[in-house]
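The values are calculated or read from the model by the stated rules, or taken from the named source; none is laboratory data. Quick caveat, the model's predicted, so the values are computed rather than measured. Every residue, glycine among them, receives a Cβ derived from its backbone with ideal geometry; neighbour counts consider all protein chains shown. Only protein heavy atoms, including side chains, enter the accessible area calculation; ligands, DNA and RNA are left aside. Shrake-Rupley method; radii C 1.70, N 1.55, O 1.52, S 1.80 Å.
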Amino acid sequence: MERFLGFTPNHCFFVLFFISLSPLGFAQYEHWPYLPGYPEPPPQVYQPPQRPANVPKIQLRLSGQKRKHNEGRVEVFYNGEWGTVCDDDFSIHAAHVVCRELGYVEAVSWLPSSKYGKGEGKIWMDNVHCNGKETTLAACTSNGWGVTDCKHTEDVGVVCSEKRIPGFKFDNSLLNQIENMNIQVEDIRIRAILATYRKRVPVTEGYVEVKDQGTWKQICDKHWTMKNSRVVCGMFGFPSERKYNTNVYKMFASRRKQHYWPYSMDCSGNEAHISSCKLGNHLNVDAEKNATCENGMPAVVSCVPGRAFAPSSHSGFRKAFRQEQPLVRLKGGANTGEGRVEVLKNGEWGTVCDDNWNLVSASVVCRELGFGSAKEAITGARLGQGMGPIHLNEIDCTGFEKSVTDCKFNTESQGCNHEEDAAVRCNVPAMGFQNQLRLSGGRNPYEGRVEVLAERNGTLKWGTVCSENWSTVEAMVVCRQLGLGFASHAFQETWYWHGDVSADNVVMSGVKCSGTEMSLAHCRHDGAEVSCPRGGGRFGAGVSCSETAPDLVLNAELVEQTAYLEDRPMFMLQCALEENCLASSAVNTSVTSGYRRLLRFSSQIHNNGQSDFRPKNGRHAWVWHDCHRTGSSSGDLSTGRTRSCWNGAGGGPGDAGRTGAPLLGGGAERVGVGEEKAPGRPWSPFQSLKGLQESWGGLLMREGSPRRRRNSFKPKIRRWR
């Protein structure tokens with residue numbers, strides 16, 4: 001029989017194992033892409049679970065001080081009243097039941113002790129026990145409805161996955177009994193109707209459509225308000241909304257039968273996501289059970305993009321820009337629209353403490369910077385610790401302020417430190433940049449040969465990028481465009497990555513980026529006239545990306561406080577002369593009787609990033625000079641401190657980097673001296689990190705002749721990037 005079926009005992013074991021896995025077991029593999037040539041699985045059809053007859057009907061919602069739309073305090077509507085759930089005996093299995101009942105695929109985690117704030121009213125459930133397979137939280141065992149010894153300081157919260165259950169059906173059986181029912185839909189979109197907006201990227205105007213029970217439906221505009229438009233525009237990365245030509249859309253609506261969602265939206269305007277809005281009036285339903293919109297038409301939104309995403313006559317959008325007098329900025333983020341929040345006060349940049357930091361306040365920051373509402377309010381310095389003062393604490397915004405500085409806040413920051421720096425991840429318009437670029441041949445999705453989609457002879461073809469002068473700055477743009485974080489390496493040879501052979505031809509050359517571009521196509525390049533002597537293929541440009549990176553910042557104030565001039569005899573500068581750290585005129589100075597005027601200083605470099613700093617070259621490639629002597633330039637790995645070779649021998653800027661002194665969070669201190677090396681700027685040991693938003697603050701050293709410029713010489717210290 002086994003031979004007839006073509007199975008061996010091992011095959012049978014595999015089949016039985018495969019069948020025994022539950023659908024939930026495959027959830028962790030859903031993000032794995034199917035290889036070309038393999039059929040995609042059929043779309044899942046949602047089957048609403050059957051509620052046992054003896055289980056009462058309840059309704060759930062997530063409330064409280066949210067930092068993402070898919071998390072919050074668990075609240076239950078039972079017996080005509082909203083109440084909370086106690087955290088006693090609560091588990092991840094119960095969290096799964098809650099999230100699935102709300103239309104999410106699964107739970108990520110749960111949080112005890114009223115992490116989202118204390119609720120009000122009754123505590124409906126205590127000592128909840130679930131096995132994870134229940135269709136509703138009401139089917140789990142507990143002490144009984146309202147039987148508890150808990151207080152609201154023990155209210156439980158959950159964090160659900162962002163992915164929704166395909167075809168999820170909203171249970172409206174209790175709709176008439178509940179006044180404040182939150183919206184639960186599978187997805188939402190802006191569908192461009194007019195030809196002008198269908199060709200434009202990003203889409204800024206069109207019908208508002210929600211996906212309900214696996215079908216896209218329009219929303220009747222009879223109860224639509226500009227507050228609703230503000231929320232929808234914010235979700236798609238736009239800071240504000242505007243009026244549109246209603247006559248044109250009335251004409252379009254009259255030509256086609258619409259499929260309406262049977263509800264209306266009721267937003268206050270400061271929500272970051274429609275799931276926080278309330279369900280409005282229920283529409284009339286005709287005999288065919290289709291919702292009708294008498295004397296109305298589909299709701300339309302027209303959004304105003306931020307300046308960085310506004311369409312232009314040439315490229316369809318503008319490149320990244322810098323505001324002339326910014327009061328707020330984002331630092332330390334890898335992708336567009338994310339970073340640590342910093343505000344300018346009295347001419348000094350400072351951070352924001354994360355006490356009471358939530359989606360509403362974070363959305364004010366995002367809109368102020370030209371993005372949409374906040375996707376996530378980040379706490380605990382997860383995007384790096386800042387430096388300097390903490391300007392704002394306990395921020396309380398209404399959501400309609402023009403700037404976060406207009407919100408109520410506490411200027412006292414006692415109890416706050418930079419481990420509590422607030423950050424934000426904003427909604428950004430869908431520009432489609434990630435579809436114009438790909439990494440090929442890498443061992444994982446974060447590395448590979450860079451291949452771009454370019455138009456050649458009227459057709460779009462994939463090709464490589466010339467690696468000549470390819471650096472970390474260009475690699476940073478690639479990683480940002482693909483949403484893969486920071487660039488850890490830029491490769492000029494990629495023969496060890498076997499990419500697509502049909503994409504070996506070079507389609508882009510002469511690439512030179514500033515580091516702020518959102519797409520590699522925004523960088524300067526040769527255009528259609530490609531010039532690459534080395535060719536593509538094995539010499540195509542490559543990158544390696546990382547979600548975290550070091551972020552080195554110089555303490556400029558310490559440099560200014562410790563800087564002084566010193567006339568140094570040439571016989572004590574032999575090391576600096578041999579390492580080419582002095583000005584070109586130093587070769588004409590007498591070694592026995594000559595002097596050079598040097599600027600001496602102490603510096604402190606902090607690593608504000610989320611990764612340890614490692615020098616660009618390994619220890620085998622470090623330059624050890626004879627005049628460093630034994631131990632005079634050795635680094636202390638535990639403290640990050642290093643001593644300069646200027647302890648009687650000589651040296652120059654960059655000694656800490658040349659000797660490989662690590663910068664592990666606490667920073668490094670060194671004493672350095674230098675002269676002006678005209679033209680240009682001093683050698684930097686951190687060249688591999690020059691694409692970071694906050695790169696190492698190098699110094700341009702000044703040197704003068706003591707005989708000619710003793711009285712008139714004024715040292716100038718300035719940072720460079």
Original post:
So which residues in the stretch 223-237 are within 11 Å of A299 (Cα to Cα) and in contact with a Gly (Cβ under 6 Å, 6 or more places away or on another chain)?
Top reply: H223
Subject >> Selection count, the stretch 71-103, where residues are under 32 Å from the mean Cα position of the chain (by Cα), within 18 Å of D171 (Cβ to Cβ) and part of a strand (DSSP E or B) >> reply: 2
**OP:** Please give the number of the condition S315 fails out of (1) among the small types (G, A, S); (2) modelled with pLDDT under 90; (3) open to solvent by less than 40 Å² (accessible area, probe 1.4 Å).
**Re:** (3)
Subject >> Residue under evaluation L460, criteria (1) hydrophobic (A, V, I, L, M, F, W, C); (2) open to solvent by less than 70 Å² (accessible area, probe 1.4 Å); (3) assigned to a strand (DSSP E or B), criterion not met >> reply: (2)
Subject >> Where D89 falls short, out of the listed (1) at positive phi; (2) modelled with pLDDT under 55 >> reply: (2)
**OP:** Could you tell me whether E474 is outside any strand (DSSP E or B) and open to solvent by less than 10 Å² (accessible area, probe 1.4 Å)?
**Re:** yes
**OP:** Please work out which residue is modelled with the highest pLDDT, limiting yourself to the stretch 555-595 and to residues that are within 42 Å of the chain's Cα centre (by Cα) and surrounded by 14 or more Cβ atoms within 10 Å (Cβ to Cβ).
**Re:** A563
**OP:** Just need a number here: residues in the stretch 165-181 that are open to solvent by less than 50 Å² (accessible area, probe 1.4 Å) and touching a strand residue (DSSP E or B) at 6+ places or on another chain (Cβ under 6 Å).
**Re:** 3
**OP:** Would you check if A299 is modelled with pLDDT of 70 or more, aliphatic (A, V, I, L, M) and in contact with a Lys or Arg (Cβ under 6 Å, 6 or more places away or on another chain)?
**Re:** no
Subject >> Subset of the stretch 610-624 that is part of a loop (DSSP other than H, G, I, E, B) and open to solvent by 40 Å² or more (accessible area, probe 1.4 Å) - its residue that is modelled with the highest pLDDT >> reply: D612
**OP:** Would you please list the contacts, defined by Cβ atoms under 7 Å and residues six or more apart or on different chains, that run from a residue in the stretch 599-613 that is touching a residue at least 24 places away in the same chain (Cβ under 8 Å) to a residue that is basic (K, R) and open to solvent by 40 Å² or more (accessible area, probe 1.4 Å)?
**Re:** L599/R702
**OP:** Return the residue satisfying two criteria in turn: it lies in the stretch 213-250 and is open to solvent by less than 10 Å² (accessible area, probe 1.4 Å) and outside any helix (DSSP H, G or I), and of such residues it is nearest to G337 (Cα to Cα).
**Re:** G237
**OP:** Give R538, R534, R480, R443 a once-over and let me know the one that is modelled with pLDDT under 95, over 28 Å from G337 (Cβ atoms) and part of a helix (DSSP H, G or I).
**Re:** R538
**OP:** Could you please let me know if R382 is at pLDDT 95 or above, within 18 Å of the chain's Cα centre (by Cα) and more than 30 Å from A528 (Cα to Cα)?
**Re:** no
Original post:
Only one of (1) crowded, with 19+ Cβ neighbours inside 10 Å; (2) more than 25 Å from S546 (Cβ to Cβ); (3) touching a Gly at 6+ places or on another chain (Cβ under 6 Å) is not met by G384, so which one is it?
Top reply: (2)
**OP:** Report the residue count in the stretch 251-279 for those that are in a helix (DSSP H, G or I), modelled with pLDDT under 90 and not aromatic (F, W, Y).
**Re:** 4
**OP:** Could you grab me the full set of residues in the stretch 220-250 that are among the aliphatic types (A, V, I, L, M) and at pLDDT below 95?
**Re:** V248
Subject >> Count of the stretch 391-423 residues which are among the hydroxyl-bearing types (S, T, Y), farther than 25 Å from S240 by Cα and touching a residue at least 60 places away in the same chain (Cβ under 8 Å) >> reply: 1
**OP:** For the stretch 394-408, state whether one or more residues are buried (at least 21 other Cβ atoms within 10 Å of the Cβ), among the basic types (K, R) and out of contact with any Cys (no Cβ under 8 Å at 6 or more places or on another chain).
**Re:** no
Original post:
Taking the stretch 120-164 on its own, how many of its residues are buried (at least 17 other Cβ atoms within 10 Å of the Cβ), within 31 Å of the chain's Cα centre (by Cα) and modelled with pLDDT under 95?
Top reply: 1
Original post:
Across the stretch 318-335, which residue is surrounded by the most Cβ atoms within 10 Å (Cβ to Cβ) among those that are of a type in the set (K, R) and modelled with pLDDT of 90 or more?
Top reply: K331
Original post:
Can you tell me which of G542, G510 is open to solvent by 10 Å² or more (accessible area, probe 1.4 Å) and touching a Gly at 6+ places or on another chain (Cβ under 9 Å)?
Top reply: G510
**OP:** Name the one entry in N143, N182, N176, N131 that is closer than 30 Å to G306 by Cα and not small (G, A, S).
**Re:** N182
